[in-house]
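Below you'll find the structure, written out as structure tokens, and then a few comments.
Throughout, read-outs are computed from the coordinates displayed, never taken from laboratory work. Since the model is a prediction, treat every value here as computed from it, not as a measurement. Heads up, the Cβs are rebuilt from the backbone with ideal geometry, glycines too, and the neighbour counts pull from every protein chain shown.
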Amino acid sequence: MIIRDAEPDDAIAIRAIVASAFGRSDEALLVDQLRADGDAFIELVAEDEADGDLLGHILFSPLAIDRPEGTVTALALAPVAARPDRQKQGIGAALIRAGIEQARFAAIPAIILVGHPGYYPRFGFSAKAAESLDAPFSGPSFMALELVPGVLEAGGSVRYAAAFGI
């Protein structure tokens, strides 16, 4: 498997992967809108090395954390998907790790997500790290990963990209 940047020619396959992974089109439409709005900051695909078929996809979009002293630009991880016939084979994990590394390289201070509290902590995400944020989400599924230690301690109000509609 190869993890690489998504390309424009991948759009149809990405749409199919995301829709089939979630069993509905909402997340696929979100990906299309984020891309159309220019809010696909990191977009990666997992490709089968043998036949070139796409196996999975992940997208990170800009997320603003507004504070009285200014705005911190973080990323929202949403969505991550693997083809249903290839789930539970490490594709999502490989995409998440690669995306986190690209975010580190881009000097992004934090990544925010809403996801399964039994899955994402293995990558360093925690609900505790997100507790200081004023967001439309809370609880154990609302998690953050600080790539710059302590960056979220000051809190702030979270603003998602327009495509999220929140």
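Amide H neighbours of LEU63 under 5 Å, at least 5 residues apart or on other chains, H built in the peptide plane: list them.
ALA74, LEU75, ALA76
Only Cα pairs under 8 Å and at least 6 apart count here; give the relative contact order of the stretch 2-164 as a rounded whole percent.
It rounds to 22 percent for the stretch 2-164.
Taking θ as phi - 60°, what are the ³J(HN,Hα) couplings along the stretch 117-123 by the Karplus curve (6.51, -1.76, 1.60), each to the nearest whole Hz, with x for Gly and Pro?
x, x, 10, 6, x, 4, 9
To the nearest µm²/s, what D does Stokes-Einstein give for the stretch 97-166 at 20 °C and 1.002 mPa s, using the Kirkwood radius over alpha carbon pairs as Rh? Mind dumping the intermediate values first?
Details: Rh = 12.5 Å.
Estimated via Stokes-Einstein, D reaches 172 µm²/s.
Once phi is turned into θ = phi - 60°, what whole-Hz ³J(HN,Hα) does the Karplus curve with 6.51, -1.76 and 1.60 give for every residue of the stretch 54-69, x standing for Gly and Pro?
7, 10, x, 8, 9, 9, 10, 10, x, 9, 8, 10, 7, 9, x, 8
Which peptide among 97-103, 39-45 comes first, and what is the full order, when sorted by highest mean count of other Cβ atoms within 10 Å?
39-45, 97-103
Which values of log₁₀ I(q)/I(0), to two decimal places, follow from the Debye formula for the stretch 2-164 at q = 0.11 Å⁻¹ with a uniform point scatterer at every Cα?
-0.42
Can you work out the Karplus-derived ³J(HN,Hα) for every residue in the stretch 96-103? Use 6.51 cos²θ - 1.76 cosθ + 1.60 with θ = phi - 60°, whole Hz, and x for glycine or proline.
4, 4, 5, x, 4, 5, 5, 4
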